[in-house]
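To keep things clear, I will list the structure first and then write my remarks on it.
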Amino acid sequence: MSFAFVKGHGTRNDFIVLPDPDGSVHGNLADDLVVALCDRRGGLGADGVLRVVRSTGDCEWFMDHRNADGSIVEMCGNGVRVFARYLAREGLVQPNGSFAIDTRDGIKRVTFCDDGDISVDMGAGRLGEPVKSAVAGRALDAVSVNVGNPHAVAFVESLDEAGDLRDAPEFSADDFPHGVNVEFAVVGGPGEIAMRVYERGVGETQSCGTGACAVAFATAARDSIAAPTTYRIDVPGGVVSVTYDPAGQLHLKGPAVLVADGVWTA
């Protein structure tokens with residue numbers, strides 16, 4: 001079994017890109033193959049897999065995203081930027097202006113910025129109810145936020161309060177029956193937030209694009225900040241920004257880098 005792959009990352013949230021335009025290479029993409037590819041010892045190592053396949057909808061390309069454990073993902077802000085970078089490199093889209101990518105959370109408009117970053121209109125956030133969590137042996141209050149996938153944002157005084165994040169933070173299955181990404185956020189000066197994240201199906205990652213959007217949206221709501229407003233989000237893997245516009249849309253902007261091409265031969 002051999003096939004081409006590309007490795008890339010957005011603020012060190014890393015992905016294996018699998019070209020499969022007509023769906024003839026990977027079909028439905030088996031869970032065990034995703035797990036093998038993402039294994040950091042026996043495979044290539046990644047937080048997830050992005051299969052590049054033609055869309056059956058209103059735009060040309062569909063991002064089929066899977067977590068490292070093989071589970072299906074609705075949306076990924078860092079992943080969609082890596083996906084866009086791959087399409088541009090291969091000449092499948094123009095590396096200027098904007099275009100649309102189909103995802104399980106609907107169509108997302110992507111824009112190549114003059115500074116080399118990529119911006120994505122992530123859609124509107126939806127604020128949910130306060131929820132309870134436990135991490136590193138202590139209870140925490142959080143707020144649920146949906147930005148295409150489920151998040152729980154906990155505001156803390158120090159990111160050390162998240163502990164080592166080797167185990168998933170505890171939540172009620174009634175609150176999040178399909179699992180949840182958990183963000184720990186420290187609000188600094190005006191427009192500045194630092195965060196760590198535990199992603200369902202992966203573990204702690206160096207960055208999470210939808211998580212950054214969830215944190216920015218929850219912070220604006222908590223502090224009664226009117227749109228438009230932009231937040232700088234510091235993550236372990238770098239920096240992204242999130243703009244909350246007057247129409248209620250969240251725009252994620254950050255880098256996307258392709259680092260390797262190869263052939264899987266396992």
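The values are calculated or read from the model by the stated rules, or taken from the named source; none is laboratory data. Bear in mind the structure is a predicted one, so any value in this text is a computation, not a measurement. Glycine also receives a Cβ, built like all others from the backbone with ideal geometry; neighbour counts cover every protein chain displayed. For accessibility, only protein heavy atoms count, side chains too; no ligands or nucleic acids. Shrake-Rupley method; radii C 1.70, N 1.55, O 1.52, S 1.80 Å.
Here are the numbers:
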item: Subset of the range 177-187 (residues that are modelled with pLDDT of 95 or more and not acidic (Asp, Glu)); result: Val180, Asn181, Val182, Phe184, Ala185, Val186, Val187
item: Count - residues of the range 54-85 that are within 19 Å of the chain's Cα centre (by Cα) and either open to solvent by 20 Å² or more (accessible area, probe 1.4 Å) or within 21 Å of Ala266 (Cα to Cα) (or both); result: 10
item: Per-region count, the range 114-123, residues under 15 Å from the mean Cα position of the chain (by Cα), of a type outside the set (A, V, I, L, M) and open to solvent by less than 40 Å² (accessible area, probe 1.4 Å); result: 2
item: Flag for Thr111 being of a type in the set (Ser, Thr, Tyr) and open to solvent by 60 Å² or more (accessible area, probe 1.4 Å); result: no
item: Residues that are within 23 Å of Met195 (Cβ to Cβ) and surrounded by fewer than 19 Cβ atoms within 10 Å (Cβ to Cβ), drawn from the range 10-44; result: Arg12, Arg40
